[in-house]
1. (1) under 19 Å from PHE298 (Cβ atoms); (2) within 16 Å of the ligand (Cβ to nearest atom): which one isn't true of PHE397, the others all being true?
2. Just one of (1) in contact (Cβ under 8 Å) with a residue 24 or more places away in the chain; (2) within 15 Å of the ligand (Cβ to nearest atom); (3) farther than 30 Å from GLU43 by Cβ trips up CYS265, so point out which.
3. Please determine, by comparing only the residues of the stretch 152-200 that are of a type in the set (Lys, Arg) and assigned to a loop (DSSP other than H, G, I, E, B), which one is farthest from the chain's Cα centre (by Cα).
4. Looking at the stretch 215-273 only, could you name the residues that are of a type in the set (A, V, I, L, M, F, W, C) and buried (at least 19 other Cβ atoms within 10 Å of the Cβ)?
5. For the stretch 325-369, which positions are within 10 Å of the ligand (Cβ to nearest atom) and among the hydroxyl-bearing types (Ser, Thr, Tyr)?
6. Taking the options ALA377, ALA387, ALA394, ALA362, name whichever one is closer than 30 Å to PHE151 by Cα, of a type in the set (A, V, I, L, M) and buried (at least 24 other Cβ atoms within 10 Å of the Cβ).
Amino acid sequence: MRPVIYWFRQDLRLADLPGLVEAESAGVPVVPAYVLDDEAPGEWAPGPASRWWLHHSLKSLAESIRQRGGNLTLRVGSAAEQLIKLAAETDAGAIYCSRAFEPWAVQQERDVQRRAERAGLAFKRFTGTLLFEPEQIRTRSGSFYQTFTPFWKACCQQPEQPPPQPAPPHICWRPASGLALDDLRLSAKPPPSAAHWRSLWQPGEAGAAAAVRHFLNNGLYGYLQGRELPGHAGTSHLSPHLHFGELSPRQLWQAIKIHCLEDACLAVHRDRFLAQLGWREFSHHLLHHFPALPNAPFRDAYRHFPWTENAATLAAWRGGRTGYPLVDAGIRELHQTGHMHNRVRMVTASFLTKHLLQPWQAGERWFWDTLLDADLANNAASWQWVAGSGADAAPYFRIFNPALQGQRFDPEGNYVRRWLPELRALPNRHLQTPAEAPETVLKAAGVRLGATYPRPMVDHRQARSAALAAYREMRDAARLAG
Ligand SMILES: Cc1cc2nc3c(=O)[nH]c(=O)nc-3n(C[C@H](O)[C@H](O)[C@H](O)COP(=O)(O)OP(=O)(O)OC[C@H]3O[C@@H](n4cnc5c(N)ncnc54)[C@H](O)[C@@H]3O)c2cc1C
């Protein structure tokens with residue numbers, strides 16, 4: 001029987017992978033393969049943080065396959081070319097893969113399919129990346145949803161998710177020649193703080209399962225309130241595992257539902273958590289229907305927004321030198337851990353776009369390079385949501401006050417003190433606004449503004465007025481343009 005090539009993409013796991021299950025039940029040998037194709041994504045090739053994760057995730061997947069008697073074949077180059085070559089070398093009759101939603105990945109899939117069919121191979125694409133396929137969720141008029149609440153309501157009215165499938169135990173793996181993992185050079189230039197990331201993260205399917213267990217036992221109860229507090233470990237930290245497909249959203253959905261069956265008190269936390277998975281679905285839904293999402297404003301009027309692009313301003317924000325502690329703490333958290341808390345992502349993104357009037361694409365690009373969970377759909381949709389240009393976005397006039405956000409969501413100052421030790425000795429009431437603290441308080445805390453900690457780059461009130469004026473200018477320009 002001719003083997004099937006299982007082409008791993010953003011589904012670096014063995015459980016709940018419909019393509020593998022189908023190959024096993026048909027009894028065909030499987031050639032497991034991963035192709036690092038840096039040309040296809042163009043400007044959206046994985047950044048340094050993502051490459052670090054990918055290296056470790058592939059290592060873990062290769063190990064799982066090895067334990068089952070197989071060998072993950074690694075190749076570099078055009079996915080279509082490499083897969084067709086591999087099929088010729090192994091006499092494979094088909095290529096199977098999971099669906100991906102990045103516009104470049106959709107194009108890549110088409111190329112692979114075209115080349116495969118020309119070579120007389122079958123090509124089969126399976127679901128599993130999302131809970132709901134974008135075509136499945138339609139408004140009454142047949143178009144796509146542009147607001148989250150009705151979108152998620154429609155998702156929740158879909159038939160119950162089928163149970164996830166375990167890793168198929170009886171696959172007959174077929175070896176093929178390939179590169180060593182180090183030849184992919186994914187961790188050739190790791191980000192500076194990556195040296196200690198292995199103590200914070202466990203990439204791979206086993207790490208994802210451990211993170212789910214940890215969250216169910218420690219984080220889910222209290223998620224509703226805890227998720228908003230950056231100084232408290234109240235969220236799941238599952239985003240990189242979900243992005244790389246080490247865990248299917250269906251496995252997570254099921255694990256949460258089963259865990260909550262016996263305890264009615266968990267229902268509010270469960271529903272809030274599932275709604276966050278809903279935002280992931282919504283972001284992919286938007287990207288599918290509006291593939292320009294990573295580069296162009298979803299709301300056309302924002303093409304006229306008078307951004308004031310400035311390299312020095314962007315550098316100060318990226319360096320965590322804005323003089324607003326919550327923003328700077330978030331940037332430090334990102335540099336050091338490859339992650340930033342969701343509330344702080346919102347505040348830092350709002351600060352960049354609304355206080356500093358820098359284009360959201362500049363922040364999106366930097367997050368792309370630095371986040372371990374960098375995800376084209378989630379990142380683009382979230383940046384646009386914060387900037388005001390996105391679907392169902394926060395209204396433009398809602399401009400976060402970073403000091404008030406800090407007082408509200410980090411009331412004890414745990415988060416700011418953790419990431420900005422130079423402010424540690426300030427009393428809580430001055431922690432989020434060091435520039436307003438009396439000189440005696442600053443001196444007692446060892447803080448010298450402009451020396452040990454920067455003065456605020458902009459005054460909040462003035463920045464707010466400037467942002468609102470820019471918004472009015474955009475609105476008028478958009479009206480004139482018709
Ligand atoms: C400016 C900005 C940029 C962002 N960029 C990314 C990104 O590149 N990749 C990414 O995965 N998330 C991104 N997010 C969304 C969110 O911040 C992260 O998903 C979340 O912080 C991950 O932490 P967690 O796994 O502990 O989340 P939890 O609170 O435990 O949530 C569970 C899961 O739900 C999903 N999720 C939660 N919130 C969102 C959201 N707002 N939008 C989409 N999915 C969500 C994630 O997959 C997450 O792992 C961004 C948010 C903002 C404001």
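1. So PHE397 meets the others, but not (2).
2. Failing condition for CYS265: (2).
3. Filtering the stretch 152-200 for residues that are of a type in the set (Lys, Arg) and assigned to a loop (DSSP other than H, G, I, E, B), the one farthest from the chain's Cα centre (by Cα) comes out as ARG174.
4. Of everything in the stretch 215-273, those that are of a type in the set (A, V, I, L, M, F, W, C) and buried (at least 19 other Cβ atoms within 10 Å of the Cβ) turn out to be PHE215, LEU220, LEU229, LEU238, LEU242, PHE244, LEU247, LEU252, ILE256, CYS260, LEU266, PHE273.
5. Within the stretch 325-369, THR348, SER350, THR353 qualify.
6. Being closer than 30 Å to PHE151 by Cα, of a type in the set (A, V, I, L, M) and buried (at least 24 other Cβ atoms within 10 Å of the Cβ) holds for just one of ALA377, ALA387, ALA394, ALA362, which is ALA387.
This table checks each residue for (1) of a type in the set (D, E, K, R); (2) farther than 19 Å from GLN432 by Cα; (3) touching an Asp or Glu at 6+ places or on another chain (Cβ under 9 Å).
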| position | (1), (2), (3) |
| --- | --- |
| HIS304 | no, yes, yes |
| THR308 | no, yes, no |
| HIS341 | no, no, yes |
| VAL344 | no, no, yes |
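So that you can scan it fast, the table gives a plain yes or no per residue for (1) assigned to a loop (DSSP other than H, G, I, E, B); (2) within 12 Å of the ligand (Cβ to nearest atom):
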{"position": "PRO230", "(1), (2)": "yes, yes"}
{"position": "GLY234", "(1), (2)": "yes, yes"}
{"position": "GLY245", "(1), (2)": "yes, yes"}
{"position": "GLN251", "(1), (2)": "no, no"}
{"position": "HIS259", "(1), (2)": "no, no"}
{"position": "PHE273", "(1), (2)": "no, yes"}
{"position": "LEU277", "(1), (2)": "no, yes"}
{"position": "PHE282", "(1), (2)": "no, yes"}
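None of the figures in this text is laboratory data; all of them are computed from the coordinates on show. Here the structure is a predicted model, which is why all the values come from computation and not from measurement. For neighbour counting, all protein chains shown are included, and Cβ atoms are generated from backbone atoms with ideal geometry for every residue, glycine included.
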